[in-house]
Amino acid sequence: MTTNQTHTIAPVLPVPATAARLTALVGALATLGSTFLAWTWTAEFPGDLTVTGYPGGLQVLTLTGALLTALFALAGHGVRGLGWLVPGGKNSPVRLLALGTFTTTWYAVLAITVELGGLVNLEPGGWIAAVASLVTLVGALGLPADVPAENPGPASGWQRFTHAFKAPAPGKAAPLPSWAEILIIAAAFGIGLFIFTYGIDTEYAELFIGFLLLIGFGAPAVARAGLNRRLGALTATHKNVTVTAAFVAAFAFPFTQSNDAYATIGANILIFATVALGLNVVVGLAGLLDLGYVAFLGVGAYTAALFSGSPSSTIGIQLPFWAAVLAGAAASLIFGVVIGAPTLRLHGDYLAIVTLGFGEIFRIAMQNMDGASGPDITNGPNGIPNIPDLELFGFNFGEPHNVLGVELGRFSNYYLLMLFFTIIVVTVFRRSDQSRIGRAWVAIREDETAARAMGINAFRLKLLAFALGATLAGMAGTVQAHVTFTVTPAQYKFVEAVPPNSAFLLAAVILGGMGTVSGPLIGAALLYLIPAKLQFMSDYQLLLFGIALILLMRFRPEGLIADRRKQLEFHETGQLDAPKGDIGLSKAGV
Amino acid sequence: MTTDTVTPAGTGTPVLHASGVTMRFGGLTAVRNVELTVNSGEIVGLIGPNGAGKTTFFNCLTGLYIPTEGTVSYKGKVLPHRSHLVTQAGIARTFQNIRLFANMTVLENVLVGRHTRTKEGLWSALLRGPGFKKAERESEARAMELLEFTGLAAKRDHLARNLPYGEQRKLEIARALASEPGLLLLDEPTAGMNPQETRATEELVFAIRDQGIAVLVIEHDMRFIFNLCDRVACLVQGEKLVEGTAEVVQGDERVVAAYLGTPFEDAPGAEEVAEVEAAEAHATDRAPGPDSTTGATGTTSTTGPEGDPK
């Protein structure tokens, strides 16, 4: 990579840098101004884009994008007081934000045109927005590249385009007083919560798509600017503060919700995310590919349902909730050991197929225990309905409660209960990861033969990972049974449109980043939120899901959040000079 | 039959004793009736042409393979055929092709080596009591000592995959030492090293021996072996041909024959030799004949598999 002389690479559009920056800035400000105009004449398009002087719906997104573009353009120019925004790349964030604003705006304009039937429905404001965002993009593409070219010689248009989005890593940050660092972490989580809540609260699909587009470009822009690295360095020094901030933000979520319908999404995301994190112990740490993991959730849910006092339960015993949780976790644990003991002697693909089979066996067995094909335990396909709401310490989870002046509905209550279990699972994951046991799991994942030669009883530790994962899922299942009122076999398929199911759980882990805590949480949130918000696309959902996975594996195989160990490859301790890619370590032979 | 067993120098007590170890893969006998003793404080070398069964023999010793016949005992106790139990008993090894945990840091690699010498289970990890913290601290201190010993302390937070080749070899040795072995098995520790690195490895092996750890080493570098080892055993086509001091082995004409390819009388697999010669004759039609150092391997090329158990 290091050549004797650095080669500059021409920007995508051959414009002088100053002119380009000016164009981008003017374009961004014009775009910003256009959001205060009416884009269309009728309120038929959702979000009411007809009001002059008050941006609404998709206009707010364009406004945000344009504002950020202008800010980063100024910061990249070296305006005093904004330097902290761009410790890494100076121009690539502007380009990405301009692109994000452009796609969001043009999506809005096109959506108006298509939905209302023709360009005639666009008011001048809409035209201005479209043209101004295009001008911004042209200006941004004319800005010089942030990093010198890797190879000398002329570059093709596509090479120049992809190169334009590369950015250098930020240098070391100037030390701040620790209260300021903690404040920054808190602010970052506050912003994160705000963005997440905004996404959940989007009321119509157009707004959500616009939101996804802006986030899709905005997040990499922030990363190119080097802010992610800076924040990462801060969170690494204040681990406990970070964890606390994360849970405070998560705890605050139901208090931001006026509508219990959106709290439902929150509660379901949390169940899904918790189970995904449990799966991450099995897949991410121990490297065991489990395609039937949802069965453990099912075992926990069925156990809780049977002991819940539901009138349809075939067991007439009602256990208190804590006992039901323990029973569900214990049942899952036993199920995990029973399945794991024979199957964990297999490796890789064979293990995946066998676990897939066991997952389906669980579902079909539940379906057949209806008194006709088998013993009458689970009511067959009808499942166990009418699971009563929980009541803990006089707090009924089914009724709305007024806490701190905010009305918390049923799902908000369950969200908070589930959050408690999420904290347990996160703690279990972190603590087991950073211990002798966690190291042994990772060693087995890396090279089982070498791990055994180091004295690790591979079978026993794999069984431990499998059983621990099962227990965590079973625990989550006991809450899920109460949230969903009904437990049926159809909830625990290998794959279907609604998460959680085995395929989506695995996808959440891989999409988010294997072996990390935040990865599966983010992955699960995305995988739940997108189908829930874009219900008009439900027919194509699995197709889109497949395409998204293929794209992700092509462009970011380590997942959205890279593992600590993978991050180390680019760590500041002078490892940048290490050769890229898999070097030296041969996989073959003993 | 052709084995000359030299009585081991009677200084130390036997650490490792392999008796009658035979390993067959189907109809192929990779290791045949090998006896080997390693005494405490000794460095023993194991040489032999490629495919002679050295690594297979190593795998039998460490429980990766279950020998078809024969037993291996460590300090008088017969070893079980389970890799992790062998390590627990006190035999650690390195691999011919480096097998580090590539995506773990240098320190973590060594900490994994400590696995058998620590007891903290899952509950201890979850509850994080004082015992857990103490054990972690001690493990880390011991691991750092070993990294100092092998000269890798400065790179503790690097990923194993990013180390240069020579340091990966050293790390593998440090990781093996972390299990506090009484016997260290090194499988071609200097393969691919330059002369300086080889000398450094030599010093390292001596230093390990001085800590009271017996060493059994497979190597092709004859200068390395004869400098280092108190005794050398030569394995050819799965059988121990000769064992003794460096001079004895160097002077043994059968060893020379095995390496240099002169067919010898009573050779096991004489017809193979004929076959190989026919093949070589065929090959010389196209290429110049094999030179004196590599040609020898031809005579044993059809012997047992070396290496990959999977």
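The values are calculated or read from the model by the stated rules, or taken from the named source; none is laboratory data. Just so it is clear, the structure is predicted and the values come from calculations on it, not from any experiment. Cβ atoms come from the backbone with ideal geometry, glycine included; neighbour counts cover every protein chain shown.
Checking A:Ala164 against (1) surrounded by 23 or more Cβ atoms within 10 Å (Cβ to Cβ); (2) at pLDDT 80 or above; (3) over 30 Å from A:Trp41 (Cβ atoms), which test does it fail?
For A:Ala164, the exception is condition (2).
Can you tell me which residue in segment A:90-130 is nearest to A:Leu13 (Cα to Cα), limited to those that are part of a helix (DSSP H, G or I) and without any contact (Cβ under 8 Å) to a residue 24 or more places away in the chain?
This residue is A:Trp127.
Within segment B:158-195, take every residue that is closer than 18 Å to B:Met222 by Cβ and over 16 Å from the mean Cα position of the chain (by Cα) and give me the one that is farthest from the other protein chains (Cβ to nearest Cβ). Don't jump to the end; show me each part of the working.
Going through segment B:158-195, the residues closer than 18 Å to B:Met222 by Cβ turn out to be B:186-195.
From what's left, over 16 Å from the mean Cα position of the chain (by Cα): B:193-195.
On the way: B:Met193: 13, B:Asn194: 15, B:Pro195: 20 Å.
That would be B:Pro195.
In this structure, is B:Thr71 surrounded by fewer than 20 Cβ atoms within 10 Å (Cβ to Cβ), at pLDDT 90 or above, under 30 Å from B:Ala246 (Cβ atoms) and in contact with a Pro (Cβ under 9 Å, 6 or more places away or on another chain)?
no
Identify, by number, the condition in (1) within 30 Å of B:Glu136 (Cα to Cα); (2) small (Gly, Ala, Ser); (3) more than 9 Å from every other protein chain (Cβ to nearest Cβ) that A:Gly398 doesn't meet.
(1)
For the structure I just gave you, tell me whether A:Ser412 is buried (at least 20 other Cβ atoms within 10 Å of the Cβ), more than 8 Å from chain B (Cβ to nearest Cβ) and assigned to a helix (DSSP H, G or I).
yes
Being over 18 Å from the mean Cα position of the chain (by Cα) and closer than 29 Å to A:Ile561 by Cα is the filter; apply it to segment A:484-508 and report the residue that is surrounded by the most Cβ atoms within 10 Å (Cβ to Cβ). Let's see the steps before the verdict.
Going through segment A:484-508, the residues over 18 Å from the mean Cα position of the chain (by Cα) turn out to be A:484-496.
Applying the additional criterion that residues be closer than 29 Å to A:Ile561 by Cα yields A:491-496.
Details: A:Gln491: 22, A:Tyr492: 28, A:Lys493: 17, A:Phe494: 18, A:Val495: 15, A:Glu496: 15.
Restricting to residues being over 18 Å from the mean Cα position of the chain (by Cα) and closer than 29 Å to A:Ile561 by Cα, the top hit is A:Tyr492.
Just need a number here: residues in segment A:424-446 that are surrounded by fewer than 20 Cβ atoms within 10 Å (Cβ to Cβ) and either touching a Phe, Trp or Tyr at 6+ places or on another chain (Cβ under 7 Å) or part of a loop (DSSP other than H, G, I, E, B) (or both).
Matching residues across segment A:424-446 total 1.
Looking for whichever is at pLDDT below 90 and facing another protein chain (nearest Cβ under 9 Å) here; the options are A:Gln491, A:Gln434. Which one fits?
None of the others qualify; the one that does is A:Gln434.
Take segment B:166-224 and flag every residue that is in contact with a strand residue (DSSP E or B) (Cβ under 6 Å, 6 or more places away or on another chain) and over 25 Å from B:His115 (Cβ atoms).
Answer for segment B:166-224, where residues must be in contact with a strand residue (DSSP E or B) (Cβ under 6 Å, 6 or more places away or on another chain) and over 25 Å from B:His115 (Cβ atoms): there is none.
Suppose the filter is within 14 Å of chain A (Cβ to nearest Cβ), closer than 26 Å to B:Thr37 by Cβ and not hydrophobic (A, V, I, L, M, F, W, C); does B:Glu253 pass it?
So B:Glu253 does not fit the description; no.
What do you reckon, is B:Glu188 at positive phi and buried (at least 19 other Cβ atoms within 10 Å of the Cβ)?
Here the answer is yes, as B:Glu188 does meet what is asked.
Determine which member of the set A:Phe421, A:Phe485 is more than 14 Å from chain B (Cβ to nearest Cβ) and not in a helix (DSSP H, G or I).
Of the residues listed, the single one that is more than 14 Å from chain B (Cβ to nearest Cβ) and not in a helix (DSSP H, G or I) is A:Phe485.
Restricting to helices (runs of 4 or more DSSP H) lying wholly in segment B:76-137: which have 2 or more residues that are more than 7 Å from chain A (Cβ to nearest Cβ) and within 22 Å of A:Phe459 (Cβ to Cβ)?
Passing ranges, in order: B:83-89, B:122-127.
So which of A:Trp106, A:Trp39 ends up being over 32 Å from the mean Cα position of the chain (by Cα), at pLDDT 80 or above and within 23 Å of A:Ile209 (Cβ to Cβ)?
It is A:Trp39.
Can you work out which of the residues in segment B:138-157 that are in a helix (DSSP H, G or I) and either within 8 Å of chain A (Cβ to nearest Cβ) or aliphatic (A, V, I, L, M) (or both) is surrounded by the fewest Cβ atoms within 10 Å (Cβ to Cβ)? Explain how you work it out, then say what you get.
Step one: filter segment B:138-157 for residues in a helix (DSSP H, G or I), giving B:138-150, B:153-155.
Adding the requirement that they be either within 8 Å of chain A (Cβ to nearest Cβ) or aliphatic (A, V, I, L, M) (or both) leaves B:139, B:141, B:143-144, B:146-147, B:153-154.
Working: B:Ser139: 22, B:Ala141: 9, B:Ala143: 25, B:Met144: 15, B:Leu146: 21, B:Leu147: 22, B:Ala153: 15, B:Ala154: 11.
Result: B:Ala141.
Which ones in segment A:56-89 are in a loop (DSSP other than H, G, I, E, B), touching a residue at least 12 places away in the same chain (Cβ under 8 Å) and not small (Gly, Ala, Ser)? Break it down stepwise before answering.
The first filter runs over segment A:56-89 and keeps only residues in a loop (DSSP other than H, G, I, E, B), leaving A:56-57, A:78-82, A:86-89.
Of the ones still in play, those that are also touching a residue at least 12 places away in the same chain (Cβ under 8 Å) are A:57, A:86-89.
Once the filter is applied, which keeps residues that are in a loop (DSSP other than H, G, I, E, B), touching a residue at least 12 places away in the same chain (Cβ under 8 Å) and not small (Gly, Ala, Ser), segment A:56-89 yields A:Val86, A:Pro87.
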